[in-house]
Amino acid sequence: MAVKGLGKIDAEYDASNLKVGIIHARWNDEIIAALVQGAIKRLTSMGVKEENIIIETCPGSFELPYATKRFFEKLHPEVNVVIPIGVLIKGSTKHFEYISSAVTQAIMELQFKLHKPIIFGLLTCLTEEQALARAGIDEGKTMHNHGEDWGAAAVEMALKYGN
Ligand code: RBF
C-alpha cells in the first residue's frame, strides 16, 4: 500500500458529461506541460471527453486565483470544476513564501465564494529537482505525476460534491 498519494478511487464515476477547466501558469513550462498532460490522461481515462476539457493559461501562479474566478464567471460558466496548475520553485528572495501562501489561501476561499470545486494543482517546491520528480519527469522517475491525482480529484469533487 502506498503511504503517500491519493489512494484508490472510492467509486466508479461516470464522467462522460463533465466539463473540466484547466488553467495553467506559464512559468516552469516543461514541468507544467507534464502536469497538464497527466491531468488530461487521468480525466479522459475516467470518461471525460477531450472536447470537454477546456485549457486556458495565465502568466504565473500568482494570477491563478483571479484567472480561475474569471474563468468560471466570464469565460466558461458551464464548467463543473477547474484545476488551476502552477509550479512555484523557491529562489533566493521571499517571493516563493508570499506567493505560495497567498495562492493557496485564495484558491481555498474561492471555492466557498463560488460554490464550485477547485482542485489544488500547485506545486510548491524547494528545488527544481523536487518539481521534476512530482511531475514524473526526473531522471530516475522517482515519483508519479501529480497531475494525474488532480484529474481524479476533479472528477470525484465534481460528481460527488458539485452542482
Ligand atoms: N510564477 C510561477 O508560477 N512560478 C515561480 O516559480 C515564479 N517565481 C517568481 C519569482 C519572482 C522573483 C517573481 C518576480 C515572479 C515569479 N513568478 C513565478 C511569477 C508570478 O507568479 C507572477 O506571474 C508575476 O509576479 C506577475 O504578477
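The values are calculated or read from the model by the stated rules, or taken from the named source; none is laboratory data. If you're wondering where the values come from, they're calculated on a predicted model, not measured in any experiment. With ideal geometry, Cβ positions are generated from the backbone for all residues, glycine too; neighbour counts draw on all protein chains shown.
Residues considered: 113, 160. Of these, the only one that is modelled with pLDDT of 95 or more, of a type in the set (Lys, Arg), over 17 Å from residue 9 (Cα atoms) and over 14 Å from the mean Cα position of the chain (by Cα) is 113.
Before we move on, is residue 129 of a type in the set (Asp, Glu), at negative phi and either at pLDDT below 95 or within 13 Å of the ligand (Cβ to nearest atom) (or both)? Against the criterion (of a type in the set (Asp, Glu), at negative phi and either at pLDDT below 95 or within 13 Å of the ligand (Cβ to nearest atom) (or both)), residue 129 does not qualify. Could you list, ordered by first residue, the pairs with Cβ atoms under 7 Å in which the first is in the range 46-62 and without any contact (Cβ under 8 Å) to a residue 12 or more places away in the chain and the second is of a type in the set (Val, Ile, Thr), at least 6 apart or interchain? Pairs found: 50/44. When residue 147 is tested against (1) closer than 22 Å to residue 62 by Cβ; (2) small (Gly, Ala, Ser); (3) assigned to a loop (DSSP other than H, G, I, E, B), just one condition goes unmet, and that condition is (3). For residue 77, the criteria (1) farther than 24 Å from residue 137 by Cα; (2) surrounded by fewer than 13 Cβ atoms within 10 Å (Cβ to Cβ); (3) near the ligand (Cβ under 10 Å from one of its atoms) hold in every case but one, which is (3).
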